[in-house]
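A.B. asks: Here it is: the structure, laid out below.
Please treat every number below as a calculation from the coordinates, not as lab data. Treat the numbers as computed from the prediction; the structure is a model and nothing was measured. Every residue, glycine as well, gets a Cβ built from its backbone with ideal geometry; the counts of neighbours run over all protein chains shown.
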Amino acid sequence: MAGTGSGVVNAFISAPMELSKIRLQNQGPTPTPGMTFYKGPMDCFKQTYRQGGLRACYKGLWSTILRETSYGPYFLSYEIFCRALTPEGQRTQDLSSTRLVVAGGFAGIAGWLSTYPTDVIKTRIQSQDASTPKHLQFKGVADCAIRMYREEGFRVFFRGLNATCVRAFPCNAATFLVYSMAMRALIPTDKALA
């Protein structure tokens with residue numbers, strides 16, 4: 001529950017940044033007629049704000065919230081993997097670096113697997129440029145999901161999943177390894193907690 005809650009809070013911070021990132025990734029090297037051209041993330045944010053205010057900067061917020069609920073399964077699976085990898089008679093706090101890497105890597109994959117389709121939906125919603133005609137714009141998460149399914153079938157929700165899982169393992173392995181090592185350095189013994 002704590003992980004899921006932190007994901008929901010995180011969505012309010014990450015949604016505008018995700019929007020800028022996706023729009024920058026989708027634009028070509030030169031301006032396309034009828035589409036907005038962004039010089040960088042801040043320029044994208046400023047132009048988006050000028051076009052529709054703060055509401056436009058939070059386009060895709062609900063899909064971002066749904067995607068960020070993956071923090072719950074992410075932290076839960078990390079704890080489960082750590083416990084499974086802990087030798088009998090030892091504590092999870094004493095896991096070797098190798099075991100922390102394995103637990104963190106698989107936790108990253110589990111986190112992505114838990115909400116990957118919502119990430120695809122979020123990306124589609126945030127990819128729509130302000131110049132998209134109103135009748136073609138997605139009306140929300142459900143509308144986007146239904147239209148994607150009708151036009152491209154069920155597999156569209158898992159496009160790119162393999163690459164995401166390959167990336168997730170080393171990124172999250174490093175994240176949890178550094179986190180665990182930092183916690184050990186900051187709190188070296190149980191006596192320090194007393």
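A.B. asks: How tilted is helix 41-57 with respect to the longest principal axis of the chain? Cα atoms for both, answer in degrees (0 to 90, nearest 10).
C.D. replies: 70
A.B. asks: Give me the number: length gained by fully extending Gln51 to Ile13, i.e. 0.36 nm times residue separation minus the C-alpha to C-alpha distance, one decimal in nm.
C.D. replies: Taking Gln51 through Ile13 to full extension adds about 11.7 nm, to one decimal.
A.B. asks: Note down the magnitude of the dipole of the chain about its Cα centre, charges +1 on Lys and Arg C-beta and -1 on Asp and Glu C-beta and zero elsewhere, to the nearest 20 debye.
C.D. replies: Taking the Cα centre of the chain as origin, the dipole is about 540 debye.
A.B. asks: Would you work out the relative contact order for the stretch 2-186, in percent, from Cα pairs under 8 angstrom that are 6 or more residues apart?
C.D. replies: That works out to 27 percent.
A.B. asks: What Kirkwood Rh does the chain have if only Cα atoms enter the pairwise 1/r average? Answer in Å. Write out the running numbers ahead of the final one.
C.D. replies: Values: mean 1/r = 0.0532 Å⁻¹.
So the Kirkwood estimate lands at 18.8 Å.
A.B. asks: Now, a different point. Using 0.36 nm times the number of residues separating Gln27 and Met42, minus their current alpha carbon distance, what extension gain do you get?
C.D. replies: 3.9 nm
A.B. asks: Positive end of the dipole of the chain, charges at C-beta (+1 Lys, Arg; -1 Asp, Glu), about the Cα centre: which of Gly5, Ala168, Thr132 has its Cα farthest in that direction?
C.D. replies: Most positive-ward Cα: Thr132.
A.B. asks: How about Lys21: which lysines have a C-alpha closer than 23 Å to its C-alpha, ignoring those fewer than 8 places off in the same chain?
C.D. replies: Qualifying lysines at Cα under 23 Å: Lys39, Lys46, Lys59, Lys122, Lys134, Lys139.
A.B. asks: Report ³J(HN,Hα) in whole Hz for each residue of the stretch 140-149, in order, from the Karplus equation J = 6.51 cos²θ - 1.76 cosθ + 1.60 where θ = phi - 60°; Gly and Pro get x.
C.D. replies: Here the 3J(HN,Hα) series is x, 4, 5, 4, 4, 4, 5, 5, 4, 4 Hz.
A.B. asks: Here's something else I'd like to know. Please report Arg67, Arg55, Arg167 as a ranked list, fewest other C-beta atoms within 10 angstrom at the top and most at the bottom.
C.D. replies: Arg55, Arg167, Arg67
A.B. asks: Please determine, in degrees from 0 to 90 and to the nearest 10, the orientation of helix 161-186 with respect to the longest principal axis defined by the Cα atoms of the chain, where the helix direction is its Cα long axis.
C.D. replies: Between the helix axis and the principal axis of the chain, the angle is about 50 degrees.
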